[in-house]
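The structure appears below as structure tokens.
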Amino acid sequence: MSELTVIDGFEFARMGRSLSGKMDVSRMDRLADLLYSKSGQVDYALAGGVDAEGAFLLHLAIDGVLHLRCQRCLGDIEYPLGLKAGLKLVKEESDLPDIEEEDPDVDSIVVKDKMEILSLIEDEILLDLPFSPRHATCESGSEIVRESPFSILKDRI
Ligand SMILES: [Zn+2]
């Protein structure tokens, strides 16, 4: 497993670099409260690029299965991740686009030169997770109610 977990995001995008690996779920501290079990790993793939307007982009894909804690019965919910995120890198808050002008498939983020891949992965997973994960019916097991407050919020803006 690669221990390279800090990148220079702008350089990475400009050079069109790519990187993939596995990340232990147990390292994702901000997820801990939501998890039934910290076992396992997620696969990630990160690719940099520059768009036609010269903006620096990162494409992040995350695959794996998380074990979330059901908020009703406290049982195990298998939650498959199949995440793809497009991120546009900007240097200053003032460079962020107005929300109505923003491409809905691309999130703009303010980054310093050094980006921690772990926290990037954590951020994207947290955005994807349901606010209050629970089984559709607790007795029958693993199916989850899939509703993310973030996606609802996004549709309203
Ligand atoms: Zn349940």
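The values are calculated or read from the model by the stated rules, or taken from the named source; none is laboratory data. Fair warning: this is a prediction, and the values are worked out from it, not measured in the lab. Counting neighbours? That spans all protein chains shown, and the Cβs are built from the backbone with ideal geometry, glycine included.
Points worth noting:
- Residues in segment 94-117 that are of a type in the set (D, E) and more than 16 Å from F10 (Cβ to Cβ) were compared, and the one that is modelled with the highest pLDDT is D107.
- Residue, nearest to L19 (Cα to Cα), within segment 83-131, restricted to residues that are touching a strand residue (DSSP E or B) at 6+ places or on another chain (Cβ under 6 Å) and surrounded by fewer than 11 Cβ atoms within 10 Å (Cβ to Cβ): K114
- Among (1) within 18 Å of L126 (Cα to Cα); (2) more than 16 Å from the chain's Cα centre (by Cα); (3) surrounded by 18 or more Cβ atoms within 10 Å (Cβ to Cβ) - the single one L60 does not satisfy: (2)
- Segment 66-82, subset away from the ligand (no atom under 16 Å from the Cβ) and exposed (fewer than 14 other Cβ atoms within 10 Å of the Cβ), residue nearest to L127 (Cα to Cα): G82
- On the stretch given as segment 22-34, residues that are in contact with a strand residue (DSSP E or B) (Cβ under 7 Å, 6 or more places away or on another chain) and either among the aromatic types (F, W, Y) or in contact (Cβ under 8 Å) with a residue 60 or more places away in the chain (or both) total 2.
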